[in-house]
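Following: one structure in structure tokens, then a few remarks.
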Amino acid sequence: MSATLTEAPVTPDVTRSGQHGVRFPDRELRVVGADVTVPLNDGRRVPYANFDYAASAPCLEAVHEAITRALPYYSSVHRGAGYASQVTTAAYEKARGTVRSFLGAWRRASVVFTRNTTDAMNLLAHALPAGTTVVVFETEHHATLLPWKNVVRLPAPASPLEAVAAADRALAQAPTGPRLLVVTAASNVTGELWPLRELAETAHRNGARIAVDAAQHVPHRPLDMTALGLDYVAFSGHKLYAPFGAGVLAGRSDWLRAADPYLKGGGASASVEDRGDTTRWQAEPEARHEAGTPNVLGVIALAAACEALAATGWDSLVEHEERLLTRLRSGLARVPGVRELTLWDERHPRVGIVSFTVEGWNARDVALTLSGEYGIGVRDGKFCAHPFVRHLLASAENGEGCQDGQSTAVRASFGIGSTEEHVDRLLAALTRLTSEPRG
């Protein structure tokens, strides 16, 4: 009889408590390292205020615990007869169902495990039928901006309605043949949520499919592929509190099944002949595109994060984030010289990501000062979205000179484990930074 997860559970237990978490009626989600302290320039140590979640979110304690439970049974998957291999294979394959449920995907949707969102989008680009026209906005992260061959790149839309209209025009004017609209769910620069349902309807009305970069969406909001009509969704574990190097491409199977393997090697091959160059590849997309020994622990971690977030429900998570987001944005608006970067109306819904500039300050100097003097971690740069950041900087009041390609911004992003004290410390630091002359 095959071993099962009942004998070696790897599902998360989200019952631990502490001060840096999001509380629910009967449990609290916590992140590993919430109480870590960091050194300042003057030698003191202070609790770390992490505002770099959009780059890589910290690990959920539930994920850490799931990995700890899985490690004693760690083994190779799919072809081992031993007990540990059977347990690990069961955990790995169970994760597909967990992810499918987390995304609200239809029962027969493929779930292919990848390294991250970039890898997932490159896999999809590899699997596109010959001659596919891809429509993408310049506002995308490079992971969804760059992999495509036959691409129509649209400028940043002035509103959500304009985004839908621009996509409609581009798809209608595209050559006959397969077409794919590629969009983000939530911007990694501004946090703004994109109108996925309307964009999906527009794509389908034009005989196209839609692929969504959900890397910045799924850690903050639920996503239902079926309800929204999405054909493909990609996301990364390291954004979803599971920083162990796994990602996902979920969606329709036919293009993936028809494409040559993304990687050629063990697992992807069904049979290899002794003579000639004859290889028969696995038919199902999951096996066909996951050659080699997969990142088993990364996949178990990712599934544990999905289970932990889904088990708690989203209301408390969203309420916690909205409270911090309102506190941060309203506070930034009162700091002289600070300008928030936003594509659409400032009231447009968004997740916990805010990018801004500080008049008279280089973004790297702001980030270094916040780290060295206040124990605050932010991101500076163009956030792997160079065309979009240049557009936003050119539109901002202090955007003069951004055409040299060197101007950058500061990004503060947060989630589970973030507190009001973190937000207040960042605001106080920026207020002091902008009020003192640079020496």
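Just so it is clear, none of the values below were taken in a lab; they were calculated from the coordinates. Remember, it's a predicted structure, so these values are computed and weren't measured experimentally. Every residue, glycine as well, gets a Cβ built from its backbone with ideal geometry; the counts of neighbours run over all protein chains shown.
Sparse packing (at most 15 other Cβ atoms within 10 Å of the Cβ) combined with a DSSP loop state is found for the following GluC sites (Glu not before Pro) in the stretch 302-397: Glu346, Glu359, Glu397. Pull out a ≥ b ≥ c, the square roots of the eigenvalues of the alpha-carbon gyration tensor of the chain, then state rounded if a/c is under 1.5, prolate if not and a/b is larger than b/c, and oblate in the remaining case. Oblate shape, in that a/c is at least 1.5 and b/c is the bigger or equal ratio.
Considering only beta bridges that DSSP places wholly inside the stretch 69-312, some 45 percent are antiparallel. Computed packing ranks the peptides 224-230, 113-119, 67-73 as 113-119, 224-230, 67-73, most packed first, by mean other Cβ atoms within 10 Å. Need the full-extension length gain, Thr326 to Thr226, defined as separation in residues times 0.36 nm minus the C-alpha distance. One decimal, nm. Gain on stretching Thr326 to Thr226: 32.9 nm. Under the classification rounded if a/c is under 1.5, otherwise prolate if a/b is larger than b/c and oblate if not, where does the stretch 278-436 fall, given a ≥ b ≥ c as square roots of the Cα gyration tensor eigenvalues? Because a/c hits 1.5 or more and a/b exceeds b/c, the stretch 278-436 counts as prolate. Here the extension length gained between Thr278 and Ala172 equals 34.0 nm, from 0.36 nm per residue of separation less the Cα-Cα distance.
Calculate for the chain the 222 nm mean residue ellipticity that helices alone would give, adding -39,500 (n - 2.57) per DSSP H run of length 4 or more and normalising by residue count, nearest 500 deg cm²/dmol. Numbers along the way, then the final one.
On the way: 14 runs with 156 residues, N = 439.
Only helices count here, giving -11000 deg cm²/dmol.
Converting phi to 3J(HN,Hα) with the Karplus coefficients 6.51, -1.76 and 1.60 and the offset θ = phi - 60°, the stretch 407-421 yields 5, 9, 9, 10, 10, 10, 9, 8, x, 4, x, 7, 10, 5, 4 Hz in sequence order, with x at every glycine or proline. Our coupling estimate for the stretch 72-89, obtained by passing each phi through the Karplus curve with A = 6.51, B = -1.76, C = 1.60 and θ = phi - 60°, is x, 9, 4, 7, 6, 9, 5, 10, x, 8, x, 4, 4, 5, 5, 5, 5, 4 Hz, Gly and Pro reported as x. Using C-alpha pairs under 8 Å with a sequence gap of at least 6, the mean separation divided by the residue count of the stretch 310-439 gives a relative contact order of 30 percent.
A Cβ-based charge dipole, computed about the Cα centre of the chain with Lys and Arg at +1 and Asp and Glu at -1, lands at about 560 debye.
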